[in-house]
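Single-structure report; data block below.
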């Protein structure tokens with residue numbers, strides 16, 4: 001979903017892009033990574049095992065992609081002299097904070113997915129000095145299944161939908177994140193960890209209400225519920241708000257628009 005928008009964003013910025021999916025490159029294979037990276041100046045690693053619940057019972061498979069795969073890509077970039085953008089997640093944190101997580105806040109993942117992504121961050125920073133780790137959260141976009149499309153589908157199937165109101169985060173459009181990644185590279189921002197999420201914050205319930213409202217539907221059809229009422233194998237962070245202007249090397253100008261403004265733009269784009 002993210003790569004779907006990163007590729008055209010880079011091309012529009014003047015980059016000659018080689019796009020690879022799982023059929024073209026297995027990131028768990030070191031030799032394939034070396035061959036794929038050779039001759040390139042920049043690599044954006046959007047490959048990830050993102051089945052959060054499935055990772056609880058298949059952590060080794062998730063680790064192979066999110067940690068070993070990240071290490072293979074980072075090592076290949078270092079060998080080729082290529083810079084690396086590695087995409088990570090809010091799940092590396094414990095989700096119990098009450099203020100936005102700074103980029104240098106200690107990681108403390110509470111799920112298998114989070115553990116494997118935290119290991120991937122460590123590998124990238126250890127193996128490729130010229131790398132940016134970009135953490136994001138609550139992604140939606142035209143390139144794959146997402147919360148927005150799910151809500152619109154349910155709106156056509158049910159009179160009401162119940163959505164959790166005790167998890168707080170920053171809904172982020174993949175188009176905006178792709179733009180941020182391009183700006184991060186073009187501005188030669190300091191290497192290290194950056195946060196790539198929309199400005200502002202809301203709950204899943206608030207997000208769903210906005211989706212209904214901006215589509216001309218009655219937001220009262222969205223009912224509030226709790227995480228406890230919808231138990232899942234993987235623990236969901238109650239707090240997924242990432243700070244954009246805190247931490248060493250942060251760039252205040254490399255921020256993103258408010259989540260609600262981005263959502264309106266996305267819905268307008270998919271309607272047209």
- Query: Going by the conditions given, is residue 26 at pLDDT below 95 and assigned to a loop (DSSP other than H, G, I, E, B)?
  - Reply: no
- Message: I'm checking my understanding of the structure. Among residues of region 202-219 that are out of contact with any helix residue (DSSP H, G or I) (no Cβ under 8 Å at 6 or more places or on another chain) and closer than 21 Å to residue 137 by Cα, which one is surrounded by the fewest Cβ atoms within 10 Å (Cβ to Cβ)?
- Response: 203
- Query: Are any of the residues in region 149-156 surrounded by 19 or more Cβ atoms within 10 Å (Cβ to Cβ) and under 16 Å from the mean Cα position of the chain (by Cα)?
  - Reply: no
- Test result for residue 100, modelled with pLDDT of 95 or more and closer than 30 Å to residue 231 by Cβ: yes
- Based on what the data block shows, is residue 136 closer than 30 Å to residue 33 by Cα and in contact with a strand residue (DSSP E or B) (Cβ under 7 Å, 6 or more places away or on another chain)? yes
- Message: I'd like to verify a number: residues in region 29-47 that are in a loop (DSSP other than H, G, I, E, B) and either touching a strand residue (DSSP E or B) at 6+ places or on another chain (Cβ under 7 Å) or surrounded by fewer than 16 Cβ atoms within 10 Å (Cβ to Cβ) (or both), how many?
- Response: 5
- Item | Subset of region 91-145 (residues that are buried (at least 24 other Cβ atoms within 10 Å of the Cβ) and in a helix (DSSP H, G or I)) | 91, 92, 112, 113, 114, 116, 117, 120, 124
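The values are calculated or read from the model by the stated rules, or taken from the named source; none is laboratory data. Model, not experiment: these values are computed from the prediction. Cβ: placed from backbone, ideal geometry, glycine included. Neighbour counts: every protein chain shown.
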